[in-house]
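One structure is given here, and the rest of the page talks about it.
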Amino acid sequence: MTFFYNPKTNRYSTRLPHMQRLTCAILDDEPLALDLLADYCAQVPFLELRGQFHDALAGLAFLQDNPVDVVFMDIHMPRLTGLQLVQLLPTPAPRIVFTTAYDQYAVQSYTLNAADYLLKPIAFDRFLQAVSKVRQSLPNSVAGPAAPATPEASVPAVAPAPADAMFVKNEHRLQRVAFDDILYIEGMKEYLLLHTTSAGKILTLQSFRRVEEVLPPERFARIHKSFLVALSRIEHVERGKVQVAGRLLPVGDTYRESFAELIRAHNQL
């Protein structure tokens with residue numbers, strides 16, 4: 001499905017005659033956050049807001065009698081947290097998108113099969129990315145043919161922004177690490193040491209395999225069993241080594257050929 005941005009109304013719109021709509025509800029004890037999410041819902045043509053609640057128990061009562069496709073759920077609420085509330089929902093349960101200012105609950109939220117985890121303040125493009133993911137995951141999520149755009153709605157909406165960071169466990173917290181900040185990652189037995197520009201060194205209990213699944217492959221390369229580098233941070237390559245942030249790192253035999261291919265693909269003259 002193609003979405004169009006109308007600068008006159010400052011809204012996204014679609015010309016599809018038959019849209020598969022998503023019903024939704026919002027639970028958040030912060031009035032400003034509640035209003036913002038309601039406004040975001042109004043901007044997405046396939047979202048139908050069925051209810052918004054600042055009280056967790058009132059929201060729970062509504063959801064027990066009124067099933068919806070997706071719930072935007074705050075975590076920190078009086079009397080009942082969002083994490084507790086989702087475990088009380090009837091089955092089949094709606095898709096849950098957690099909305100919170102606290103990143104330390106990310107791992108726990110995914111153990112509850114959350115569809116997404118949005119950190120406040122929530123940008124509209126990130127919100128749109130989350131609802132698009134939910135929509136695609138539902139049965140019979142088939143987009144119909146798009147009608148031709150009119151001059152008034154000729155500018156296509158930008159696709160949901162790709163992830164620009166990851167969360168790593170550091171001591172007793174989950175720390176956000178922006179991909180742009182990573183210089184290189186060093187393996188240290190069961191741990192990884194992330195060398196970054198803004199946060200220095202971050203030690204985390206994690207495997208290279210898992211990190212490689214998260215990092216964008218066009219921006220990072222494994223060069224050795226103990227090193228992974230950000231391609232944009234390479235200062236020079238010499239005799240089987242690369243220099244990043246003033247440190248020479250070895251290129252292992254196993255990775256030499258694939259790394260050479262990457263370098264050639266990055267405008268080697």
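Structure above, values below:
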quantity: Residues of type lysines that K189 reaches as a straight line, Cα spacing below 29 Å, ignoring anything fewer than 8 places off in the same chain; calculated: K169, K201, K225, K241
quantity: Proximal charge balance of R210 [Cβ under 14 Å; K/R count +1, D/E count -1]; calculated: 0
quantity: Global geometry of region 192-258, whether rounded, prolate or oblate, following the gyration tensor of its Cα atoms and the 1.5 cut on a/c; calculated: oblate
quantity: Global geometry of region 76-133, whether rounded, prolate or oblate, following the gyration tensor of its Cα atoms and the 1.5 cut on a/c; calculated: oblate
quantity: F167 accessible area, 1.4 Å probe, all protein chains in place, Å² to nearest 10; calculated: 80 Å²
quantity: In region 33-119, trypsin sites (Lys or Arg not before Pro) in a DSSP loop with at most 16 other beta-carbon atoms within 10 Å; calculated: R79
quantity: Amide hydrogen neighbours beyond the local backbone of F227, cut-off 5 Å, H modeled; calculated: G187
quantity: Karplus 3J(HN,Hα) series, Hz, for region 20-33 with 6.51 cos²θ - 1.76 cosθ + 1.60 (x for Gly, Pro); calculated: 7, 8, 10, 8, 8, 9, 10, 10, 7, 7, 9, x, 5, 5
quantity: Sequence-distant residues sharing a close amide H with F220 (under 5 Å, placed H); calculated: L231
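The values are calculated or read from the model by the stated rules, or taken from the named source; none is laboratory data. Note that the structure is predicted; figures quoted are calculated from it, not measured. Backbone-built Cβ (ideal geometry, glycine too); neighbour counts: all protein chains shown. All accessible areas refer to the heavy atoms of the entire protein, side chains included, with ligands and DNA or RNA removed. Shrake-Rupley method; radii C 1.70, N 1.55, O 1.52, S 1.80 Å.
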